Structure formats: structure tokens, C-alpha cells
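Notes to accompany the following structure.
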Amino acid sequence: MVNHSIYDLFYHDAADQHSFLHSHTYSGNPLAVSAALATIKTMHANHINQQAEELGACIRRYFNAVATQSGRLTNIRSVGALVAGDLQESNMPRIGYQIQQAALARGALLRPLGNTVYWLPPLNTDTQTIEKLAEITLHSIED
């Protein structure tokens, strides 16, 4: 990432006033390294990547169903286990927030950003929970 002359500045003697002294509180932290390695090991052991792909397909299916049934979500898009859609009623102020509040009252946390509604479930979310999320989202949009 840097050339040798810059890299060497990190190791010059401070007395010659040509050194670049720099450090951070997280450099080589054994606890952080241990936690990262345990996380990676757990992700591999539990096939998290595969779960994310399966969950992504599931939430896209349910989100598209909500869009079709409500007729008020467009531009559906997704990446992994995140899905979003734009609310057609852009002339209503804070409609995304209003839908989020209605969903929250029913027990679901949606993420509105302007007139876009997002689902960002944890990767270990089961199909029954996604089904309930879809039901709550649909009722919240209809209200």
C-alpha cells in the first residue's frame, strides 16, 4: 500500500527526527483477534453464507408478495438478506415513517428511509418469522 521509503519511516530512530510514529489502540489486540477468529469459525461451521442466500430468496419471495397484494411497493431490490421497495405514495409526507410506526405497534421493526421500506432480518431468522413480518408489513401499508 506504500512504497519502501515511506514504510521505512515507521522504523527510523525517533532521535533522528525522520521517523513517523503512529500506533492505534487496536493494534495486535489478542482479544479482538480471538473474537474475529471465533466468529469466522462459527460462520463456517454454521454455513452462514448459505443461510444468507436461502434467507435472501425467502424474504424476496415474501416482500414481492406484499408488493403484489398491497399494490403500493415498486422498485423491489435486494442484496443478500436485505430487501427494499419504494412506496408509491411519495406525495404523503413521511409515509415510510408512518408505516414503520404502524408495524412497530404490531411487533415488527421495519427500516424506512424516506419513502423506501427495508427488511434487514438477522441471518438466523426462520420462515415463520418472515411470514409474520410480511403479514405485519402488509397490514401496516394497508392502514
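Since every read-out is calculated from the coordinates, none of them should be taken as a lab result. Just so we're clear, the structure is a prediction, and the values are computed from it rather than from any experiment. Positions of Cβ are generated from backbone atoms using ideal geometry, with glycine treated the same way; all protein chains shown enter the neighbour counts.
Here are the numbers for this structure:
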read-out	value
Segment Ser5-Ala65, extension gain: residue separation times 0.36 nm, minus the distance between their alpha carbons	15.7 nm
Rounded to the nearest 20 debye, dipole of segment 38-94 from Cβ charges on Lys, Arg, Asp, Glu	60 debye
Cα-based Rg and Dmax for segment 29-143, where Dmax is the largest Cα-Cα distance (Å)	16.4, 53
Amide H contacts under 5 Å for Thr125, placed H, 5+ residues apart	none
Dimensionless Rg over Rh [segment 55-120; C-alpha; Kirkwood]	0.94
